[in-house]
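The values are calculated or read from the model by the stated rules, or taken from the named source; none is laboratory data. Source: prediction; values computed, not measured. With ideal geometry, Cβ positions are generated from the backbone for all residues, glycine too; neighbour counts draw on all protein chains shown.
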């Protein structure tokens, strides 16, 4: 009969095959440009996150010299905490707020005052206002001789005198005629007063370290961070270009820097 209602058909079941077919149809509709744009966005975000982490949070450094041997070895790769002392904001010459100030005994990474393209790793031994001296290789801070268990003396018998030490005369404790009679050497110098907003650093390999004794104080503005952990280490071998594979120091991986 013409007035009879049409029968209601049951909905078609959505099978896994039909779901896959629908998804393929949608993806074909987006085209290759949309697919490429997704990858561009992923890549851009990944690069931005990488540079943000490297600039403000953590950065990798390699130890190129033996000035910190006993604590750090040539071939150690370090993760450096840049947040702790306040990371520098690029292009604006300002730093983020620090979590804490540098402390005596900290191992720190900083730009070398003589060449800002080079990063050094040393131990901070003098804060602003500290009076420092060395007598026969023993560091004296504010009148107290320090026991430094991390220090190595591989050449204790020699005590060379270098022209580079002469800068120290301008920072001697004020005593009449002190500068005139001052003849500093590697193991005997001071007493010096550390200026405001600057630090005095020494290498743990005390007889083989180019440090503040030679070129002066480290301004606060040149601090890069504090190394936290050795994430990779290998014994360099000039005769083996694959030493980073065959000479891995497995026992050092994960060591905390203290």
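Being outside any loop (DSSP other than H, G, I, E, B) and surrounded by fewer than 14 Cβ atoms within 10 Å (Cβ to Cβ) is the filter here; which residues of region 170-179 pass it? Of everything in region 170-179, just one residue is outside any loop (DSSP other than H, G, I, E, B) and surrounded by fewer than 14 Cβ atoms within 10 Å (Cβ to Cβ), namely 170.
Beta carbons closer than 6 Å, at least 6 apart along the sequence or on distinct chains, pair a first residue in region 144-172 that is more than 21 Å from residue 122 (Cβ to Cβ) with a second that is assigned to a loop (DSSP other than H, G, I, E, B) for 161/185; 169/179; 169/182; 172/178; 172/179. When only residues in region 143-167 that are outside any loop (DSSP other than H, G, I, E, B) and in contact with a strand residue (DSSP E or B) (Cβ under 9 Å, 6 or more places away or on another chain) count, which is nearest to residue 69 (Cα to Cα)? For region 143-167, the residue satisfying everything is 152. Residue 140 meets each of the listed conditions (1) in contact with a strand residue (DSSP E or B) (Cβ under 8 Å, 6 or more places away or on another chain); (2) in a loop (DSSP other than H, G, I, E, B) apart from (2). Inspect region 200-209 for any residue being in a helix (DSSP H, G or I) and touching a strand residue (DSSP E or B) at 6+ places or on another chain (Cβ under 7 Å) and give the result as yes or no. Among the residues of region 200-209, not one is in a helix (DSSP H, G or I) and touching a strand residue (DSSP E or B) at 6+ places or on another chain (Cβ under 7 Å), which makes the answer no.
For every residue, the table says whether it meets (1) surrounded by fewer than 18 Cβ atoms within 10 Å (Cβ to Cβ); (2) at pLDDT 95 or above; (3) over 18 Å from the mean Cα position of the chain (by Cα).
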position: 188; (1), (2), (3): yes, yes, yes
position: 195; (1), (2), (3): yes, yes, yes
position: 198; (1), (2), (3): no, yes, yes
position: 201; (1), (2), (3): no, yes, no
position: 204; (1), (2), (3): no, yes, no
position: 213; (1), (2), (3): no, yes, yes
position: 219; (1), (2), (3): yes, yes, no
position: 224; (1), (2), (3): no, no, no
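Within region 105-115, the residues that satisfy the criterion of being surrounded by fewer than 21 Cβ atoms within 10 Å (Cβ to Cβ), in a loop (DSSP other than H, G, I, E, B) and touching a strand residue (DSSP E or B) at 6+ places or on another chain (Cβ under 8 Å) are 105, 113.
Here's the yes/no breakdown for (1) within 21 Å of residue 60 (Cα to Cα); (2) outside any strand (DSSP E or B); (3) modelled with pLDDT of 95 or more:
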{"site": "103", "(1), (2), (3)": "no, yes, yes"}
{"site": "117", "(1), (2), (3)": "yes, no, no"}
{"site": "128", "(1), (2), (3)": "no, yes, yes"}
{"site": "132", "(1), (2), (3)": "no, no, yes"}
